[in-house]
Each structure stands twice: as C-alpha cells, then as structure tokens.
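Report on the structure given below.
The values are calculated or read from the model by the stated rules, or taken from the named source; none is laboratory data. Note that the structure is a prediction, hence the values are computed from the model and not measured. Methodologically, a virtual Cβ is constructed for each residue, glycine included, from the backbone with ideal geometry; neighbour enumeration extends over all protein chains shown. All accessible areas refer to the heavy atoms of the entire protein, side chains included, with ligands and DNA or RNA removed. Shrake-Rupley method; radii C 1.70, N 1.55, O 1.52, S 1.80 Å.
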Amino acid sequence: MMEKVQRFGGAMFTPVLLFSFSGIMVALAIIFKNPMIVGSIANEGTAWYGVWSVLESGAWTVFNQMELLFVIGLPIGLAKKANARAAMEAFVIYLTCNYFISSMLEYFGPFFGVDFSQEVGGDSGMKLIAGIKTLDTGIIGAIFISAIVVWLHNRYFDTKLPDFLGIFQGSSLVVILGFFAMLPIAFLICLIWPKIQMGISSMQTFLASAGTFGVWLYTFLERILIPTGLHHFIYTPFVFGPAVIENGITKYWMAHLNEYAQTTTPLKQLFPQGGFALHGNSKIFASPGIAAAFYFTAKPDKRKKVLAILIPVTLTAVLAGITEPLEFTFLFVAPPLFVLHAVLAATMAATMYFFGVVGDMGGGFIDLLAKNWIPLFANHKGMIFTQLIIGLSFTLIYFVVFRALILKFNFATPGREEEDQEVKLYSKKEYKEAKKAGTLGEVAMAGANQYTEQAAVYLEAFGGSDNIEKVNNCATRLRITVKDEGIVLPDSAFKEGGAHGVVRSGSAFQVIVGLDVPQVREQFENLLALGNENQINE
C-alpha cells in the first residue's frame, strides 16, 4: 500500500512542475502593469499595459485549467502502458462526468440541495470547467476521476474483443466503460460533494483560526514526510486548493497580488491563509546554515572537497527550492538532524506568521522575488524586512545547533567519513565498466546520451532488467518496484551512479537523482526495454 501511495504522490507531482514558471510569469506581468513600480507607462490603455496583459493571459493557463492539467498529468505517471492514450481517455471521461453532473443538477438540482441557477464562483459551489457549468470539485475531483480511468486503462486496454467488435477495443473500450461508470459516480458526486463543500468551508475557518500553531503543524508535516515521498499530499490541498481557500493559495495570491501591492493594510489581515505557504523559507534560509555547519565540522584536509559538493546543492535549494540533494546528504547518516530540521523549519514559518509575514512562499529565492518581494516592496517593506531578520536569525540558529550536534554525536556528515571513505555525494562509474559487468551486454544503444551511464549503473544496482517490475518518477526521484529486493545492491552502488540517497520500503525503492530524473528515467527505460529484447532474442 505504501508503494502505491508513493507512486500516486509522484505521479501527482508531474503537473505541479509547471506551476513555478507560470507563477513567475504572472508575477512579472503584474509587476510591469503596476504604475507604482514602472511609472505612467503602465497605466491602463497604454501599449505597454496591453502587451503585458496579453502575456499575463497566457501565463494564467495552468491555473485556470488546473483540473484538466491534473486529469491529463496523472495517467502519464500511473498508466502501465500507452500513457498518451491513457491521458486522452482520462480527458474524455472527466468531461463526460462533468456533463453528467451538469445535467443532473439542471434537471434535479432541488433533490441534491443545489440551486443550479446561481452564477458560478463565490458561494455557489459551482465552476465552469471546459465551458461546462458543474460542481467545483477542484483537483480532488480531477485526481479521483483520473485515478479511476487509469485503473480501467491498466485493466482493460489490452482486452481482446471478437474481430467484429475490434473497433471498440483499446481506448474505445476504456472510454465506453468509463462512460457507464461515470453515471453512478456523477450521481454520488451530486449527492455528496455539496456536503463536503460545507465541511471544507468549516475546515477553512478552523485552520485560519488555528493561527500560529496551525502554520507550525502544517510546515512540520510538509518537511518530516519528505523521506516517505508523501509530503505532496500535505501541501497540495493548501497550495493548489481547496483546504484553506477556493482554488488554492497560489492562484488566489496571484489573482490579488496587484491589489495587495497597492494597499498599506497589513497582509496578514487581508490574507491570513497565506501563512500556509511559508514553507519555502526553510529552503532559502535553512540551507546555507546547514551547509555552513557541514563545512566547518568537516576535517580540515577535506573542506575543499566538501565545499565543491555543498555549493551546487545549496544553490539549488536556495534559488530553485529543490532541497532533496542537500537534505539527503544527512538524512540517512543522521536521522535526528532531519527531525530537528523539520522542527526548526516549522518554528521559522510559525515565527514569521506570528510577526505578520504571509504570501506565496513555497519555492526558492527566484520565486520569492518575483511573486512577493518585488511587487510588494513599495508598500510592505516592513514585512519583507521582518521576514529577512527572522530568516537570517534562523540561518544562524541552524548553523549553531547543527554544528553542535554533529560534533557532540560525531555524525558522519560530508567530510567526516572514515579515512578509507572518499568524500563525495557521488562519483560517476565509468560506463565501460557497467557494460563489462555482464547483464547490460550490448545495451549501449542508439540514442544514448550523458544520462545513459547513470541509468546503467542504477539498472545494475537493481539487479538487472529481470528484477524490474515498475518504473516511475516524481520531481527528483526515480521510483522503482523490484521483484526481489534481496538482490538489490547497497546504497553505495547507487551513489556511484550519482544518486544522493536511496529510500527503501520493501520492494519499493526511491533513488534520489535530482532534477535530471526525467532524462535518467527515459534512459533507464530504454536500457530496460533493450535488455528485455536481448533476452527474448537469446
């Protein structure tokens, strides 16, 4: 079950990767349309204003069509075969379900306790999705329907029908089954979801009233669950909706950013829900403190090598908000440090919120600048300086506490390994050696690139193509399910291929690769396919 949940979480992250760029572009458009920042050239009616309005309209695409994005994105990560066809099937069946819901509410709305004549949005509980007036189930509904389609696809896509019915097999069969499945599902959604919407509204009120403790608990869970890969389930309902605000913090913040930038009213008063998107501060302020503690506790003769390791992973964490390469350098050698990291990250976010800091701050420094600091500086510089003071204070706290604990308990952080161990996060294994190992044979194929040798090392470490059952990935991890976990090599074998760490849960493995994981997965699957083909030919 844990393997399935992790796989689901990884697939859910596929569409999330598109939000950072879109959010930055929306923020830039808002900045350049603000006369307070760029002057009268940005007044409404000017050519400058028109150009940036056009760009902004395109940048809103992923936010305005979020449900469709998750419907299409989930099969890409979860379908076991013909992923593109599965995405098409999910799109069609999801729209079919919404058409059913729309018609049921139009003709039988009073039975379900829904006034279908209301305008969409607001308190109506309804939304236009692909032009369909339907219940606003948000990404929860999209993920639910898409998951059903993936199950139908994996089970029935290859079903062989009699020749005279051949036109109805494959994707057609999946859509047919989905059509009839959506009738009772649409009925249940009409019956149940309006009550859930009332519950969500109550939960929003509770979490907003929970104040500082609510922010602390949310941030702690978001960090502490990173090793399990389940942290996506914590922040997604908050950031992308609807846990504390309709359609999520990110979309709401961007929609009101221009308004917030032009007012002097404290933002915590205007948007207290923004406290649930402060988890990115630990990426920006904690990472330098952790890296500095590693450097100054490393053995003097190894500090130069440690510095070469820490600079790129720290910059990745601070600028891009991807912390796993840094966090996995100490997660397995010193788990107590990771627990402490989660506690300090939560305390930092709660402290900032207590002193009035709110916003959409879940990413790295680039994201923070574009979506918060630059547009808000004119009227909210006090909040920004407060955030800086608290953040830099926690950088120092991280350094002092991490350094003290590393020295006290002699944790084997980078640069403190035994003398016979090489100081590294990873070292590339020569590809020729991987080929000589035997199981890959002549799998160095056409289309090989700089990621092929890395994938080859991982395939060897997993015991070869015979031992691979499932392949998937999320933003930074290659997720593999094996047939026999007993023949999988130790973590050091994966680190020789560039891995930052390995998470093991029975037959389910997560190799921490980094942002190159989609390219590594592609080469891994190419090697896997050719390895299986060679076995068949033999």
Translational diffusion of the chain, µm² s⁻¹ [Kirkwood Rh, Cα pairs; Stokes-Einstein; 25 °C; 0.890 mPa s]
97 µm²/s
What accessible surface, in Å², does a 1.4 Å probe find on H500, ignoring ligands, DNA and RNA and rounding to the nearest 10?
20 Å²
Give, as a single signed number, the net charge of other residues whose beta carbon lies under 15 Å from the beta carbon of M25, with Lys and Arg counted +1 and Asp and Glu -1.
0
What per residue convex hull volume, in Å³, do the alpha-carbon atoms of segment 250-303 yield?
115 Å³
21 Å Cα-Cα threshold exceeded, pairs from K195/K268; K283/K304; K268/K371; K81/K483; K33/K371; K304/K408
K195/K268; K283/K304; K304/K408
Per residue, what accessible area does the chain have, given a 1.4 Å probe and all protein chains present, in Å²?
44 Å²
With all protein chains present, calculate the accessible area of M198 using a 1.4 Å probe and round the result to the nearest 10 Å².
130 Å²
Roughly speaking, what is the stretch gain from K81 to F377, that is 0.36 nm per residue apart minus the C-alpha to C-alpha distance, in nm to one decimal?
101.6 nm
Let's test the formula: R0 of 60 Å, r as the Cβ-Cβ distance of K160 and I397. What FRET efficiency results, to the nearest 0.05?
0.40
Which trypsin sites (Lys or Arg not before Pro) in segment 71-129 pass both tests, a DSSP loop state and at most 10 other beta-carbon atoms within 10 Å?
K81
Rank S209, S146 by accessible area, highest first, at a 1.4 Å probe radius?
S209, S146
At 222 nm, what value in deg cm²/dmol follows for the chain if DSSP H runs of at least 4 each add -39500 (n - 2.57) and the sum is divided by all its residues, to the nearest 500?
-19500 deg cm²/dmol
